[in-house]
1. Among DSSP beta bridges lying fully in segment 1-84, give the percent that are antiparallel, nearest 5.
2. If I stretch the segment between Thr95 and Ala42 completely, what's the gain in nm (0.36 nm per residue apart, minus their alpha carbon distance), one decimal?
3. Mind running the shape call on the chain? Use the C-alpha gyration tensor, a ≥ b ≥ c as the square roots of the eigenvalues: rounded below 1.5 for a/c, prolate if a/b tops b/c, oblate otherwise.
4. Leaving out ligands, DNA and RNA, what percent of the accessible area of the chain is carbon and sulfur, probe 1.4 Å?
5. By the gyration tensor of its Cα atoms, with a ≥ b ≥ c the square roots of the eigenvalues, what is the shape of segment 21-78: rounded for a/c under 1.5, prolate for a/b over b/c, or oblate?
6. Ranked from highest to lowest mean number of other Cβ atoms within 10 Å per residue, what is the order of the peptides 56-67, 15-26?
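The values are calculated or read from the model by the stated rules, or taken from the named source; none is laboratory data. Source: prediction; values computed, not measured. All Cβ positions, even for glycine, are placed from backbone atoms using ideal geometry, and neighbour counts span all protein chains on display. For the accessible areas, the whole protein counts, side chains as well, though only heavy atoms, and no ligand, DNA or RNA atoms are used. Shrake-Rupley method; radii C 1.70, N 1.55, O 1.52, S 1.80 Å.
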Amino acid sequence: MSLIPSEANKIEVTGATVDFFELAKDGISTYYFDTSKCGPPAPMVNAMSGLKLIKNTDSALVMINHKSPGGLFGKLEADISHSIENVEGGLVKVTFTNVNAGVDSDLTQTACH
């Protein structure tokens, strides 16, 4: 069973190495991607590509991954919030949303600690 809604539409995302999907409801988009079967650096690369989609918007980004991407969170604390949900098969679902559209995180750096 996929954790990406079946009604979501596949989209092209610059820099992505996995498929991205968009589900629009009430004028707000939620973007989805699954890196649960990918090794480093694919989860970070795809998260950074996806975060550019929601920067300064009311949209959300949902990442399905094999573990929580802790190295990413510190870079985003100024304007991107996240919530983590443990889901089937030992995977995590991380939802990213904007906190403050007036502050910009530096989404150009991809190194994590």
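1. Percent antiparallel among DSSP bridges in segment 1-84 is about 65.
2. Extra length available between Thr95 and Ala42 comes to 17.3 nm.
3. Rounded, because the longest to shortest axis ratio a/c is under 1.5.
4. 50
5. Oblate, since a/c reaches 1.5 and b/c is not below a/b.
6. 56-67, 15-26
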